[in-house]
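To keep things clear, I will list the structure first and then write my remarks on it.
The values are calculated or read from the model by the stated rules, or taken from the named source; none is laboratory data. All figures in this text were calculated on a predicted structure; none of them were measured in a lab. Methodologically, a virtual Cβ is constructed for each residue, glycine included, from the backbone with ideal geometry; neighbour enumeration extends over all protein chains shown.
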Amino acid sequence: MSVREPVQSAHADSGLEWINRFARLPEAFHETPAAAPFPDAACLATSPAMCARLGLGGETFERDPWLGACTRGSELNGAAPRASVYAGHQFGVFVPQLGDGRAKLLGEVRTGQGETWELQLKGAGPTRFSRGADGRAVMRSSVREYLVSEAMAALGVPTTRAVALFGSSLPVYRERVEPAAIVLRAAPSFLRFGHFEYFHYNGYSARLQELIDYALAHDYPELVDAEDPVAAMLEAVIGRTAEMIADWQAVGFCHGVMNTDNMSLAGLTIDYGPFAFMDAFDPGYICNHTDQGGRYAFDQQPQIAQWNLIRLAETLVIHFGDATREAAIERAKALLQDFQPQYQAAWLGRMRAKLGLQEEQEGDAALIQDLLARMAAEGVDYTRFFRQLPDLEQAETRAQLESELEDGAAWQAWWSRYQARLAQEDRAVEARRTAMNAVNPKYILRNHLAQAAIERAEAGDPSEVLRLQRILARPFDEQPEFEAYADLPPAWASGIQLSCSS
């Protein structure tokens, strides 16, 4: 049966229509994982936004059949659990087989609104691809992924989503003994660059063609009838990735582990591990203490994204429709060369909006770069500065900022240039303030906020997770009752260390 002709089956116990296109690929693509029950499992939190999109109430996950399916591996009528195989370049080194070592795809559903979502459990136990590991996730990493998935969506950044968070009494051994947890997450697609690398580099050319056909039908159906569908798909992935990275850089987000197996074919932020939103602006910020060489530092993310896209292109180019391999390679190179201009244009557009600029002018890039250089030199908090920028129209507020900076004269010189640039546009001050506050968040998931929620959740109290979830769902609103959550981080926050187990 073709993957373009999904089986449709609605089941009362799940409340969803399951179509499960990935499960109908041959066994070479996946395995059916065994159940790995959680003791004393409980649903700690659900995402109102995602439950609404799925057409399910949050209480659905507090009881069977969903609670059992997510935590005990019990059967959910209509679901088709699978763990997929893929490869990847990890810190630049190719690993020929990775796979869903602690993730299990429950299946793919179609909602009443016609959306399709793949539902996946992260931390649900070992699979054939666990490479000797336990297949579990700790509460620490699960809380972070649950919160940031929904926070990024509220910020407008393409991302996988979180549906529910489950806790357990099961102990997990990492740097210390920690309680286990599971996140039920959702995405239109969980295909990664690494899926294509696995079949290409291991010489499974027929399987690679099947995967390409599946990806086109599943992720890029609008390109199936293009003159050269595979080249068109690569072009689309390049464009989506450029937009995503521009979003990251604009909100000060550092992913931390941009391995090719953590890159989404659909252009989504995926696999939140040692991520961080920057506090004091530092272009070379490294959020993952495992990354001692700084390969995935904040300012390296655009270059690494292009490097990863080159690895993807290497798997696809032989399937281009060009008459010769040489012609296909040249076309792929041309497409890849477009990444940096696309990224730069997208990033400049977002930064102009952050500064309240409507029009494009030649000197804008220099104005922005000079501002970032000043912020880096002074260690200015990235999020708070842009949120407070409209208030600097007031001389008193501006004087207070200058008194806190070591080089007030340099700041004043930049401010004069900025004011001159604003004067070239016919826009009322209040209209500009409103527009700036709609793109410059007041609330982000800072590490110390996540840590406070983690510590309570580890003690069995999810109240801070739920509170942060509510705050981060409205990152651009003032929310005066939660003003303290927009404060500068406390001194102890600089000691928080994040690794790949985070």
Checking L121 against (1) over 15 Å from G167 (Cα atoms); (2) in contact with a Cys (Cβ under 7 Å, 6 or more places away or on another chain): exactly one of these is not met. Which one? (1)
Boolean, V157 is surrounded by fewer than 21 Cβ atoms within 10 Å (Cβ to Cβ), modelled with pLDDT of 95 or more and in contact with a strand residue (DSSP E or B) (Cβ under 8 Å, 6 or more places away or on another chain): yes
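Residue-by-condition table, conditions (1) of a type in the set (D, E, K, R); (2) crowded, with 23+ Cβ neighbours inside 10 Å; (3) assigned by TED's automatic domain parsing to the domain that holds Y86; (4) within 18 Å of the chain's Cα centre (by Cα):
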site	(1), (2), (3), (4)
E178	yes, no, yes, no
A181	no, yes, yes, no
L208	no, no, no, no
I212	no, no, no, no
D219	yes, no, no, yes
R240	yes, no, no, yes
Scan region 64-106 residue by residue and report those that are outside any loop (DSSP other than H, G, I, E, B), more than 20 Å from the chain's Cα centre (by Cα) and within 26 Å of T315 (Cβ to Cβ). R82, A83, V93, F94, V95
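Rundown of residues vs (1) touching a residue at least 40 places away in the same chain (Cβ under 8 Å); (2) under 26 Å from A491 (Cα atoms), yes/no style:
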position	(1), (2)
R387	yes, yes
P390	yes, no
T397	no, yes
L405	no, yes
W411	no, yes
A420	no, no
P441	yes, yes
N447	yes, yes
Matching residues in region 361-373 - criterion: being modelled with pLDDT of 95 or more and either charged (D, E, K, R) or surrounded by 14 or more Cβ atoms within 10 Å (Cβ to Cβ) (or both): D364, A365, L367, I368, D370, L371, L372, A373
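Listed here are the residues, each with its yes/no results for (1) in contact (Cβ under 8 Å) with a residue 60 or more places away in the chain; (2) in contact with a His (Cβ under 7 Å, 6 or more places away or on another chain); (3) more than 23 Å from E243 (Cα to Cα); (4) not hydroxyl-bearing (S, T, Y).
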| residue | (1), (2), (3), (4) |
| --- | --- |
| G284 | no, no, no, yes |
| Q292 | no, no, yes, yes |
| T315 | yes, yes, no, no |
| E326 | no, no, yes, yes |
| K354 | yes, no, no, yes |
| Q369 | no, no, no, yes |
| A376 | yes, no, yes, yes |
